[in-house]
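Q: Sharing a structure with you now.
The values are calculated or read from the model by the stated rules, or taken from the named source; none is laboratory data. Source: prediction; values computed, not measured. Every residue, glycine as well, gets a Cβ built from its backbone with ideal geometry; the counts of neighbours run over all protein chains shown.
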Amino acid sequence: MPTHIEPDRREFLKAAVGGLAVLSFPRHSTAEVRPFQFGLTPVFLSNDLELLGHLQAFLTARLESPVELVTRRTYQEITALLVSGEIHAAWICGYPYVQHKADLDLVATPVWHGKPLYQSYIIAAADRKVDDWHGLAGDVHAFSDPDSNSGFLVTRALLAEKKILPEGFFKRAFFTYGHRNVIRAVASGLAQSGSVDGYVYEVMRETEPDLVKLTKIVRKSEWLGFPPIASPKSLAGDVRVKALQQALVSANKDPERAKVLSLLRLDGFVAADPSLFDTIAAKVETVRQLG
C-alpha cells in the first residue's frame, strides 16, 4: 500500500463558498450561540488570507451568527468531526460522502463550467514519452489523500478493474496530502506520475502556469460528482444549516459571494441529488470486491 509522508503544512485547503439569501430566524448574542463551524479540507487554497477572509465575512453575515473556519491536516480528520456533529458543515470529497452517506446530508454542490461535475487526472512529467496510463507501470506515484476520490480512489478503482492493486502496479506510492503537492512532486521529479483533482489542475494552470507546464495529462476520468458541502444528519434541526444551504444556492448578487466565487473559479452552487455520487459509490464497490 502507499506509504505516508509528512505533508507540507503550508499547503492548499479547498475552501467552499457562495450565496446570498438570508433565512429569517431570531438573533442571538454570541454568548448564547455556539459558533457555526465550517470545515475545510487540506486540498487547495491554504493560507489564502484574502479568500478565507471573504468566506468568513460572507458566512457570518448570511447566517447572522459567529463563524469559525475549521481546518485539519487530512480529509479523515475533517470527516470525523463532521460525522460526529462536532462541526456544522464542511466542504468534503465525494469519496467520504458516499462512505458516510447514512450520517450526512448534502447541503450544496459547487458548479464548475456549468455543471456540478469534475474529473480525476493522472499526470506525468511534460517531457516524458508516455501517452497511456499503462505506460506508468513501475513508477513512483504520488497520491493526494487516502480519502480523496480524484487523488486516490479513481486510480485505485481503475487498477482494481484489471484485478491489480496499487502496490502491484507502481514501484512505490506515497501521499502528499494536497493536490498541489501532487503536481509539485511530479514537476520536481520526486514522483514520476500522480493522481490529481482535475479542477485543481485546471485552476492551477491559470494561477501557477510555470509549475503546471512541467507536467502533462496522461488520463482523464469520466465526469464525477464535484466535492460537495455536507452537514451531519444529527444537526438537521440547526436553522443555520438551512440558512447555509439557502445562501449557497441563491442566485442573488452579492459582492462577497462574487469575490469568493471568482477566487475559486466556480460558477455557483446547486442543491444536488445524492444520486450524483452513484458513480463514485460504484468505484468504492469495485475496490472493495478486489479486497
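Q: Name every residue in segment 172-224 that is of a type in the set (S, T, Y) and in contact with a Pro (Cβ under 9 Å, 6 or more places away or on another chain), in order of residue number. Can you show your working first?
A: Our first condition is that a residue be of a type in the set (S, T, Y); within segment 172-224, this holds for 176-177, 188, 193, 195, 199, 201, 207, 215, 221.
Correct list: T176, Y177, Y199.
Q: Looking at segment 209-225, is at least one residue more than 17 Å from the chain's Cα centre (by Cα), buried (at least 19 other Cβ atoms within 10 Å of the Cβ), in a helix (DSSP H, G or I) and at negative phi?
A: Scanning segment 209-225 turns up at least one residue that is more than 17 Å from the chain's Cα centre (by Cα), buried (at least 19 other Cβ atoms within 10 Å of the Cβ), in a helix (DSSP H, G or I) and at negative phi.
Q: Of everything in segment 143-186, what is in a strand (DSSP E or B), among the hydrophobic types (A, V, I, L, M, F, W, C) and farther than 24 Å from A80 by Cα? Give them in sequence order. I'd like the intermediate steps shown before the answer.
A: We begin by selecting, within segment 143-186, every residue in a strand (DSSP E or B); these are 143, 172-175.
Restricting the remaining residues to those that are among the hydrophobic types (A, V, I, L, M, F, W, C) gives 143, 173-175.
The one that is in a strand (DSSP E or B), among the hydrophobic types (A, V, I, L, M, F, W, C) and farther than 24 Å from A80 by Cα: A173.
Q: Now, a different point. Against the definition (at pLDDT 95 or above and under 14 Å from the mean Cα position of the chain (by Cα)), how does S188 come out, yes or no? Give the steps one after another, and end with the answer.
A: Details: at pLDDT 95 or above: yes; under 14 Å from the mean Cα position of the chain (by Cα): no.
No.
Q: What's the number of the only condition in (1) of a type outside the set (D, E); (2) touching an Asp or Glu at 6+ places or on another chain (Cβ under 7 Å); (3) within 19 Å of S144 (Cα to Cα) that I217 fails to meet?
A: (2)
Q: Report whether or not R257 is among the charged types (D, E, K, R) and in contact with a Gly (Cβ under 7 Å, 6 or more places away or on another chain).
A: Numbers: among the charged types (D, E, K, R): yes; in contact with a Gly (Cβ under 7 Å, 6 or more places away or on another chain): yes.
Here the answer is yes, as R257 does meet what is asked.
Q: Looking at segment 121-132, can you tell me whether even one residue there is crowded, with 17+ Cβ neighbours inside 10 Å and either hydroxyl-bearing (S, T, Y) or within 16 Å of A271 (Cα to Cα) (or both)?
A: Yes, because at least one residue in segment 121-132 is crowded, with 17+ Cβ neighbours inside 10 Å and either hydroxyl-bearing (S, T, Y) or within 16 Å of A271 (Cα to Cα) (or both).
Q: Of all residues being of a type outside the set (A, V, I, L, M, F, W, C) and in contact with a Phe, Trp or Tyr (Cβ under 8 Å, 6 or more places away or on another chain) in segment 260-282, which is farthest from T207 (Cα to Cα)? Just the residue, please. Show your work before the answer.
A: Applying the first criterion (of a type outside the set (A, V, I, L, M, F, W, C)) to segment 260-282 yields 262, 265, 267-268, 273-275, 278-279.
Applying the additional criterion that residues be in contact with a Phe, Trp or Tyr (Cβ under 8 Å, 6 or more places away or on another chain) yields 265, 267.
Numbers: R265: 11, D267: 17 Å.
Only one residue fits best here, namely D267.
Q: Now, a different point. Tell me which of these A251 doesn't satisfy, since it passes every other one: (1) at pLDDT 95 or above; (2) outside any helix (DSSP H, G or I).
A: Going through the list (1) at pLDDT 95 or above; (2) outside any helix (DSSP H, G or I), A251 breaks only (1).
Q: On the basis of being part of a strand (DSSP E or B), under 26 Å from F152 (Cβ atoms) and either polar (S, T, N, Q) or within 21 Å of the chain's Cα centre (by Cα) (or both), does A230 make the cut? Walk me through how you get there before you give the answer.
A: Numbers: part of a strand (DSSP E or B): yes; under 26 Å from F152 (Cβ atoms): yes; either polar (S, T, N, Q) or within 21 Å of the chain's Cα centre (by Cα) (or both): yes.
It is true that A230 is part of a strand (DSSP E or B), under 26 Å from F152 (Cβ atoms) and either polar (S, T, N, Q) or within 21 Å of the chain's Cα centre (by Cα) (or both).
Q: Could you please find all residues in segment 187-202 being part of a strand (DSSP E or B) and touching a Leu at 6+ places or on another chain (Cβ under 7 Å)? Write out each step before concluding.
A: Start the filter on segment 187-202 by keeping residues that are part of a strand (DSSP E or B), which leaves 193-197.
The answer is S193, and nothing else.
Q: From the list G114, G94, pick out the single residue that is at positive phi, modelled with pLDDT of 95 or more and of a type outside the set (A, V, I, L, M). Please lay out each step first, then the result.
A: Details: G94 fails: at positive phi.
Exactly one of G114, G94 is at positive phi, modelled with pLDDT of 95 or more and of a type outside the set (A, V, I, L, M), namely G114.
Q: Being touching a helix residue (DSSP H, G or I) at 6+ places or on another chain (Cβ under 9 Å), touching a residue at least 60 places away in the same chain (Cβ under 8 Å) and closer than 29 Å to L49 by Cα narrows it down to one of R180, R219, R184, so name that one. Spell out how you get there, then give the answer.
A: On the way: R219 fails: closer than 29 Å to L49 by Cα; R184 fails: touching a residue at least 60 places away in the same chain (Cβ under 8 Å).
From the options R180, R219, R184, the qualifying one is R180.
Q: Can I ask one more? Does segment 124-136 contain any residue that is under 22 Å from the mean Cα position of the chain (by Cα), at negative phi and of a type outside the set (A, V, I, L, M)?
A: No, there is no match, as no residue in segment 124-136 is under 22 Å from the mean Cα position of the chain (by Cα), at negative phi and of a type outside the set (A, V, I, L, M).
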